[in-house]
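Take a look at the structure set out below.
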Amino acid sequence: MNQAIKIEDYPFINNEALFIQKSYFREYGIKAVYKQFRPGIGRAWSRNIIKLYAADGTGLEIGVGERTIAPVSRTILSDAFESHGAADMSLAKVFFRADEIPYADGSFDFIFSEHTLEHLANPLKALFHWKEKLADGGRIILFLPHQQRCCDIYRERTPLPHIVEDYKKNMPDDDQTHVNDFYENVVLRGLTPHYDHYNKEDLASSGNMHHHVWITEDLAELFQYVGLDVIFSEDCVPDRQDSFVIVGEKQN
Ligand SMILES: C[S@@+](CC[C@H](N)C(=O)[O-])C[C@H]1O[C@@H](n2cnc3c(N)ncnc32)[C@H](O)[C@@H]1O
Ligand SMILES: [Zn+2]
């Protein structure tokens with residue numbers, strides 16, 4: 001595997017406060033001046049969770065997309081795709097797939113990811129890989145869509161044995177298993193208007209489809225399978241209400 005990239009070569013953002021202001025302007029234009037005080041935009045609660053569970057050290061964000069609540073002065077912003085959906089240009093400064101992280105094992109004190117694990121056909125492969133990239137005592141912090149409060153509400157939850165099978169089959173990212181389910185129960189119901197320009201056949205490989213569907217307990221089970229201790233979870237993220245959050249720790 002290519003492990004050529006050094007963390008020291010990454011252009012970390014020095015001024016976090018300025019970066020946050022710029023990001024709001026990028027997304028909302030002049031309306032950012034008052035919008036930033038809305039909880040869903042400022043995300044004070046979620047930022048605080050990251051402050052608590054990733055208090056120091058260097059982190060990696062996977063699937064950053066066009067927004068982040070990570071501490072950007074010490075978090076590498078990564079994505080596999082330059083844009084997500086129709087026009088959302090990624091904030092990522094480095095590009096690689098979630099299960100092909102080109103940094104040495106044990107490099108990170110935390111790995112943070114929002115609304116991305118559900119886009120992977122083989123989430124266990126990614127979680128084992130993320131655990132390898134963590135230092136001992138490192139944490140994985142995930143904010144994920146909750147089946148009951150997101151576009152997947154008409155889909156069945158994905159049981160652990162299915163995820164284990166995907167791992168054993170070394171399922172590739174463009175696996176078509178869940179395409180019909182996603183198309184019929186999400187796209188055709190009009191729950192993802194921003195993905196309407198995708199052909200059904202391209203959904204999986206575009207990185208835009210939710211392969212799997214979970215609630216908090218399902219992720220706790222997955223963490224247990226991977227050998228991560230769950231040290232925090234919250235079923236409903238107050239400033240991103242379609243989401244739950246879960247934090248797992250790699251033991252020494
Ligand atoms: C729903 S967006 C979430 C973006 C942002 N984190 C947020 O919460 O708004 C999903 C993100 O996962 C990224 N993604 C999809 N498949 C990926 C993969 N195999 N590896 C890394 N990132 C991936 C997409 O490019 C996109 O930025
Ligand atoms: Zn699957």
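Number of residues in the range 142-154 that are more than 16 Å from ligand 1 (Cβ to nearest atom) and either over 17 Å from F244 (Cβ atoms) or among the basic types (K, R) (or both): the value is 1. Somewhere in the range 36-56, is a residue over 24 Å from R139 (Cβ atoms) and of a type in the set (S, T, Y)? Checked the range 36-56: no residue is over 24 Å from R139 (Cβ atoms) and of a type in the set (S, T, Y). Looking only at residues that are within 20 Å of P238 (Cβ to Cβ) and hydrophobic (A, V, I, L, M, F, W, C) in the range 1-43, which one is modelled with the lowest pLDDT? So, considering only residues that are within 20 Å of P238 (Cβ to Cβ) and hydrophobic (A, V, I, L, M, F, W, C), the one modelled with the lowest pLDDT is F37.
Per-residue answers, yes or no, for (1) within 29 Å of W45 (Cα to Cα); (2) at pLDDT 95 or above; (3) not polar (S, T, N, Q):
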residue	(1), (2), (3)
I153	yes, yes, yes
M171	no, yes, yes
G207	yes, no, yes
I215	yes, yes, yes
I231	yes, yes, yes
E234	yes, yes, yes
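Annotation: of all residues in the range 177-216 being in contact with a helix residue (DSSP H, G or I) (Cβ under 6 Å, 6 or more places away or on another chain) and among the polar types (S, T, N, Q), the one that is farthest from ligand 1 (Cβ to nearest atom) is T192.
For the range 159-173, state whether one or more residues are in contact with a Lys or Arg (Cβ under 9 Å, 6 or more places away or on another chain), within 15 Å of ligand 1 (Cβ to nearest atom) and under 19 Å from I246 (Cα atoms). No - not one qualifying residue is present in the range 159-173.
What number goes with the only condition from (1) outside any loop (DSSP other than H, G, I, E, B); (2) touching a Cys at 6+ places or on another chain (Cβ under 9 Å); (3) farther than 22 Å from D79 by Cα that I231 does not pass? Result: I231 fails condition (2) only. Buried (at least 17 other Cβ atoms within 10 Å of the Cβ), within 15 Å of ligand 1 (Cβ to nearest atom), within 30 Å of K51 (Cβ to Cβ) and in contact (Cβ under 8 Å) with a residue 24 or more places away in the chain - does that describe any residue in the range 217-224? No, because not a single residue in the range 217-224 is buried (at least 17 other Cβ atoms within 10 Å of the Cβ), within 15 Å of ligand 1 (Cβ to nearest atom), within 30 Å of K51 (Cβ to Cβ) and in contact (Cβ under 8 Å) with a residue 24 or more places away in the chain.
Residues in the range 149-195 that are among the aliphatic types (A, V, I, L, M) and more than 12 Å from ligand 2 (Cβ to nearest atom) were compared, and the one that is farthest from I215 (Cα to Cα) is L188. Contact annotation: no residue pair with Cβ atoms under 6 Å, 6 or more positions apart or on different chains, pairs a residue in the range 103-121 that is without any contact (Cβ under 8 Å) to a residue 12 or more places away in the chain and under 21 Å from E156 (Cβ atoms) with a partner that is assigned to a loop (DSSP other than H, G, I, E, B) and within 16 Å of ligand 2 (Cβ to nearest atom). V187 falls short on exactly one of the conditions (1) in contact with a strand residue (DSSP E or B) (Cβ under 7 Å, 6 or more places away or on another chain); (2) among the β-branched types (V, I, T); (3) at pLDDT below 95, and that condition is (1). Whether a residue is touching a residue at least 12 places away in the same chain (Cβ under 8 Å), away from ligand 2 (no atom under 16 Å from the Cβ), over 22 Å from V230 (Cα atoms) and touching an Asp or Glu at 6+ places or on another chain (Cβ under 8 Å) was assessed, and E82 does not pass this test. Looking only at the range 198-217, decide whether some residue is away from ligand 2 (no atom under 16 Å from the Cβ), of a type in the set (S, T, Y) and farther than 21 Å from S113 by Cα. Within the range 198-217, one or more residues are away from ligand 2 (no atom under 16 Å from the Cβ), of a type in the set (S, T, Y) and farther than 21 Å from S113 by Cα.
The values are calculated or read from the model by the stated rules, or taken from the named source; none is laboratory data. The structure presented is a predicted model; accordingly, all values stated were derived computationally and were not measured. With ideal geometry, Cβ positions are generated from the backbone for all residues, glycine too; neighbour counts draw on all protein chains shown.
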